[in-house]
Amino acid sequence: MADTDSPELLAYLEQENAHCQEQSAGDADLREAVYLDIAARTKQTDSSVPAFARHGQRAYWYYTRTSEGLDYPVYLRCPATGRADYPGPHPAGEEVLLDCNAVARGSAYFDLGTFDVSPDGRILAYCLDCGGDERYELRFLDIETGQAVGGPIGDVAADGAWRGSRYCYLRVDEAWRPFQVWSHDLTGGEPDQLLLQEDDERFWLGLDESRDNRWTLVLAASKTTSQTWLLDAADTDRPPQPFLPRREGVEYYLELTPRHAYVTHNMGAPDFMVSRTGFEADQDPSAWTTVVEHVPGRRLLGFEAYQRALVLSYQTEGLPKVALADPAGPWNFRELPCPTGLGCVQADAAEEYDTDRVRLAACSFANPPRVYDHVFADGSETELRRLPVLDHPRFGPYSPDDYVERRLWAEAADGARVPVSLIHRRDWSPGGPCLLTGYGAYEHSLTPAFSIPRLSLLDRGFSYAVAHVRGGGELGRAWYEQGRLAAKGNTFADFIACARLLLEAGVTRADRLAIHGGSAGGLLIGAVLNQAPELFACAQADVPFVDPLNALADPDLPLTVTEWEEWGDPLRDRAAYELIKSYSPYENVARRDYPPLLVTASLNDTRVEITEPAKWVARLRHCQPSAEIAFKTELSAGHAGVSGRYAAWREEAFEQAWLMRHCGYTGL
């Protein structure tokens, strides 16, 4: 199975796909109904909110447009006279920068990585993946002539950044880890130059640009440690300058202004704090000025510094929030209001240091995203877009008031209180079908988000719940630490406690409770199915990381070495080996009554290789021949699944119809 080009493997996967199609043949009408739901509620010809950017004396609005019948967006720009001069639907002077439909033509898969216009506004750098394996090709385009400029450069990572008139990109090693920073001269006057190489296999490199284009930043990060170098955009012969020496367990991230460096860091602050300093070499953190104090449980997520305001993004109890302060001090941050229910607000970084406003997005499970500009001087707001939800021919107009979102708390075996987010229709009946989802790894938080496809479940009587289990970051860094390495068992125990809460509170019944998780969340689903299969009516595991013991024991696989800080190193640590083996879904399959299971995977997935779900399904079938298992593999996609919005809607409809049927839903 390790050879994805093997005819035997491909034949096996095609047979499983055919079997899955036969198993789900009875869902065809419901699948089509759900697909038509999504299509009916979605404004298919639409434009994004424009973003303002200045290139010397010229300014532009950048935005995308989708058209009905086409899978991918078109990237455009038009001239701008000021930040408050928002363009109309089809503004004068509009330029097409990139038509993704044309670029993707003939490819079964398409993903756009970096999309980066040069500081002078003349050259577009972009990269694309046409296989799903995250092996990108970097291209350059002269915007005025529409002609390619140099390149292309193959086998690069999705990330990149300008350094003056040169472009910096990332090379990857054999394990597909971004480990080298290269500089590309678009004039072709000199060969590409290696600027920096990261030899510690735990670390991935990333690139960014300062807001004034004065610096290009190189970030090296593992799961627990980070370091940043500065590249001088004006002096391209100057080597990378380390901002702060690497210290194990210390993470820091920079926000640069013309006069100061703001550092978001965890030195003596597990949930992070923000300090201010200069650009001197050999930084001494003890001399830094504190801008944002550390508050346990308030996890800082981001920090932007502008001439007129400081913008702080953070999270408490899984709800993202934003606060503002005067950069001149005192730094008393004022929190901006959130939507009702389980609402959150997030800030979008502006391109310019002297901006007079910040772009915000607010939403909840029931409230469609609202994008608006908040003016620093007077707090006035201009709504730029509210995600349209079109009238449905059967369910009628959408109104957030028709839905209820609330927070429940489950008690885990060790007494920890685990938050559960829940949404359902106001006219919902307790005891009906419910879909419970979870993740619980990498400090990733499942924050409230609106979803048009989810309405197909809610309007058919489902409730939808999110288990904010340990291993995620919803309740701060401590919540993450209590669900990784030796404490990984808490993740699974928390999810089971959340499921029991839904049953005991009468939200649903065991024969109507579906569960879902993807990637590391797929490991979660596999583990709880081994531990408490009787609680669930059915389960879906999407690109599931279900064979962690064998994957983490092979350092030649992509991600493996970087994953040891998350899961443990079974090669060198006997205790880690035994622990991972104790919860690995693949290792713990047994002759027990499993509920119906849908497993979805992708052949070109480099993060969770096809071997993992395929072996898991084979072992499940061997140990429990009577188990109902549907296994579906996308043969032209990667970890993110199918590309193209219509194919994604079809896949969503397939999965929802399968879950509905196995939760006892019989209608359309």
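Taking R619 as the residue in question, decide whether it is out of contact with any strand residue (DSSP E or B) (no Cβ under 6 Å at 6 or more places or on another chain), surrounded by fewer than 19 Cβ atoms within 10 Å (Cβ to Cβ), at pLDDT 95 or above and under 26 Å from R454 (Cβ atoms).
no
Conditions (1) in contact with a Lys or Arg (Cβ under 6 Å, 6 or more places away or on another chain); (2) under 30 Å from G568 (Cα atoms); (3) of a type in the set (S, T, Y), marked per residue:
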position: T216; (1), (2), (3): yes, no, yes
position: L219; (1), (2), (3): no, yes, no
position: T225; (1), (2), (3): no, yes, yes
position: T228; (1), (2), (3): no, yes, yes
position: R246; (1), (2), (3): no, yes, no
position: E251; (1), (2), (3): no, yes, no
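Given the options V589, V608, V617, V599, name the one that is in a strand (DSSP E or B), of a type outside the set (F, W, Y) and either within 30 Å of L128 (Cβ to Cβ) or in contact (Cβ under 8 Å) with a residue 24 or more places away in the chain (or both). Before you say what the answer is, go through the steps one by one.
Numbers: V589 fails: in a strand (DSSP E or B); V608 fails: in a strand (DSSP E or B); V617 fails: in a strand (DSSP E or B).
Only one candidate passes the filter, namely V599.
Return the only residue of R77, R105 being in contact with a strand residue (DSSP E or B) (Cβ under 8 Å, 6 or more places away or on another chain) and either free of Cβ contacts under 8 Å to residues at least 12 places away in the same chain or charged (D, E, K, R) (or both). First the steps, then the outcome.
Numbers: R105 fails: in contact with a strand residue (DSSP E or B) (Cβ under 8 Å, 6 or more places away or on another chain).
Answer to the selection: R77.
Could you run through region 316-353 and say how many residues are hydroxyl-bearing (S, T, Y) and under 30 Å from Q57 (Cβ atoms)?
Number of matching residues: 1.
Taking region 246-276 only, how many residues are on the phi < 0 side of the Ramachandran plot, under 23 Å from the mean Cα position of the chain (by Cα) and not charged (D, E, K, R)?
Number satisfying all stated conditions: 7.
I'd like the full set of residues that are out of contact with any Pro (no Cβ under 6 Å at 6 or more places or on another chain) and more than 21 Å from R105 (Cα to Cα), limited to region 61-77.
Pass one, region 61-77, residues out of contact with any Pro (no Cβ under 6 Å at 6 or more places or on another chain): 62, 65, 67-77.
Selection gives Y62, R77.
Restricting attention to region 5-27, report how many residues are assigned to a helix (DSSP H, G or I), under 15 Å from H662 (Cα atoms) and touching a residue at least 60 places away in the same chain (Cβ under 8 Å).
Count: 4.
Check whether at least one residue in region 120-135 is among the β-branched types (V, I, T) and within 19 Å of P558 (Cα to Cα), and report yes or no.
The answer is no; no qualifying residue exists.
Just one of (1) part of a loop (DSSP other than H, G, I, E, B); (2) free of Cβ contacts under 8 Å to residues at least 40 places away in the same chain trips up V322, so point out which.
Going through the list (1) part of a loop (DSSP other than H, G, I, E, B); (2) free of Cβ contacts under 8 Å to residues at least 40 places away in the same chain, V322 breaks only (1).
Does D71 meet the test of being surrounded by fewer than 18 Cβ atoms within 10 Å (Cβ to Cβ) and either in a helix (DSSP H, G or I) or of a type outside the set (K, R) (or both)?
yes
Give P330, P320, P339 a once-over and let me know the one that is at pLDDT below 95 and crowded, with 18+ Cβ neighbours inside 10 Å. Write out each step before concluding.
On the way: P330 fails: crowded, with 18+ Cβ neighbours inside 10 Å; P320 fails: at pLDDT below 95.
The conditions single out P339.
Suppose we filter region 133-149 for residues that are within 26 Å of D212 (Cβ to Cβ) and over 24 Å from the mean Cα position of the chain (by Cα); how many remain?
6
Considering only region 108-130, state which residues are at negative phi, over 24 Å from the mean Cα position of the chain (by Cα) and either of a type in the set (D, E, K, R) or part of a loop (DSSP other than H, G, I, E, B) (or both).
Hits for region 108-130 are S118, P119, D120, R122.
Taking the options S445, S451, name whichever one is within 26 Å of Y665 (Cβ to Cβ) and polar (S, T, N, Q).
Every option except S451 fails the conditions.
E655: acidic (D, E), out of contact with any helix residue (DSSP H, G or I) (no Cβ under 8 Å at 6 or more places or on another chain), surrounded by fewer than 24 Cβ atoms within 10 Å (Cβ to Cβ) and under 20 Å from C130 (Cβ atoms), yes or no? Before you say what the answer is, go through the steps one by one.
Numbers: acidic (D, E): yes; out of contact with any helix residue (DSSP H, G or I) (no Cβ under 8 Å at 6 or more places or on another chain): yes; surrounded by fewer than 24 Cβ atoms within 10 Å (Cβ to Cβ): yes; under 20 Å from C130 (Cβ atoms): no.
Here the answer is no, as E655 does not meet what is asked.
For region 173-191, which positions are crowded, with 16+ Cβ neighbours inside 10 Å and of a type outside the set (A, V, I, L, M)?
Filtering region 173-191 for residues crowded, with 16+ Cβ neighbours inside 10 Å gives 175-184, 186.
Within region 173-191, W176, R177, P178, F179, Q180, W182, S183, H184 qualify.
I'd like the residue in region 524-533 that is under 26 Å from V642 (Cβ atoms) and either out of contact with any strand residue (DSSP E or B) (no Cβ under 8 Å at 6 or more places or on another chain) or hydrophobic (A, V, I, L, M, F, W, C) (or both) and, out of all such residues, is surrounded by the most Cβ atoms within 10 Å (Cβ to Cβ).
Among them, the one singled out is L524.
Restricting the search to region 55-100, which residues are among the hydrophobic types (A, V, I, L, M, F, W, C) and under 16 Å from E352 (Cα atoms)?
A59, W61, A80, A84 - these are the residues of region 55-100 that are among the hydrophobic types (A, V, I, L, M, F, W, C) and under 16 Å from E352 (Cα atoms).
I'd like to verify a number: residues in region 224-250 that are surrounded by fewer than 18 Cβ atoms within 10 Å (Cβ to Cβ) and either touching a helix residue (DSSP H, G or I) at 6+ places or on another chain (Cβ under 9 Å) or assigned to a loop (DSSP other than H, G, I, E, B) (or both), how many?
Number satisfying all stated conditions: 14.
From the list L186, L196, L170, exactly one residue is modelled with pLDDT under 95, within 19 Å of E209 (Cβ to Cβ) and out of contact with any Cys (no Cβ under 8 Å at 6 or more places or on another chain). Which is it?
Step by step, each of L186, L196, L170 is checked, and only L186 is modelled with pLDDT under 95, within 19 Å of E209 (Cβ to Cβ) and out of contact with any Cys (no Cβ under 8 Å at 6 or more places or on another chain).
Which strands (runs of 3 or more DSSP E) sit wholly inside region 338-415 and have at least 1 residues that are under 22 Å from the mean Cα position of the chain (by Cα) and among the aliphatic types (A, V, I, L, M)?
Where strands (runs of 3 or more DSSP E) fall fully within region 338-415 and carry at least 1 residues being under 22 Å from the mean Cα position of the chain (by Cα) and among the aliphatic types (A, V, I, L, M), they are 344-348, 357-363, 370-375.
Tally up the residues in region 582-611 that are within 22 Å of the chain's Cα centre (by Cα) and not β-branched (V, I, T), please.
The number of residues fulfilling the criteria is 7.
Against the condition over 27 Å from P178 (Cα atoms) and either in contact with a Gly (Cβ under 9 Å, 6 or more places away or on another chain) or at pLDDT below 95 (or both), how does A487 come out, does it pass? It would help to see each step written out before you state the result.
On the way: over 27 Å from P178 (Cα atoms): yes; either in contact with a Gly (Cβ under 9 Å, 6 or more places away or on another chain) or at pLDDT below 95 (or both): yes.
When the stated conditions are applied, A487 passes them.
Being under 23 Å from the mean Cα position of the chain (by Cα), among the hydrophobic types (A, V, I, L, M, F, W, C), buried (at least 19 other Cβ atoms within 10 Å of the Cβ) and within 13 Å of V418 (Cα to Cα): is that true of A465 here?
The answer is yes for A465.
Under the condition of being charged (D, E, K, R) and within 26 Å of R214 (Cβ to Cβ), which residue from region 342-377 is modelled with the lowest pLDDT?
My answer is E351.
Does any residue in region 480-506 that is at positive phi come within less than 9 Å, Cβ to Cβ, of a residue that is assigned to a helix (DSSP H, G or I) and surrounded by 16 or more Cβ atoms within 10 Å (Cβ to Cβ) six or more places away or on a different chain, and which pairs are these?
Correct list of pairs: L485/E566; L485/W567; L485/A576; L485/L579.
Can you tell me how many residues within region 473-498 are of a type outside the set (D, E) and over 15 Å from A527 (Cβ atoms)?
Going through region 473-498 one residue at a time, the tally reaches 10.
Taking the residues in region 534-567 that are in a loop (DSSP other than H, G, I, E, B) and aromatic (F, W, Y) as candidates, determine which candidate is surrounded by the fewest Cβ atoms within 10 Å (Cβ to Cβ).
F536
The values are calculated or read from the model by the stated rules, or taken from the named source; none is laboratory data. Predicted model, so just to flag it, every value in this text is computed and none were measured. Note: ideal-geometry Cβ built from the backbone for every residue, glycine included; neighbour counts use all protein chains shown.
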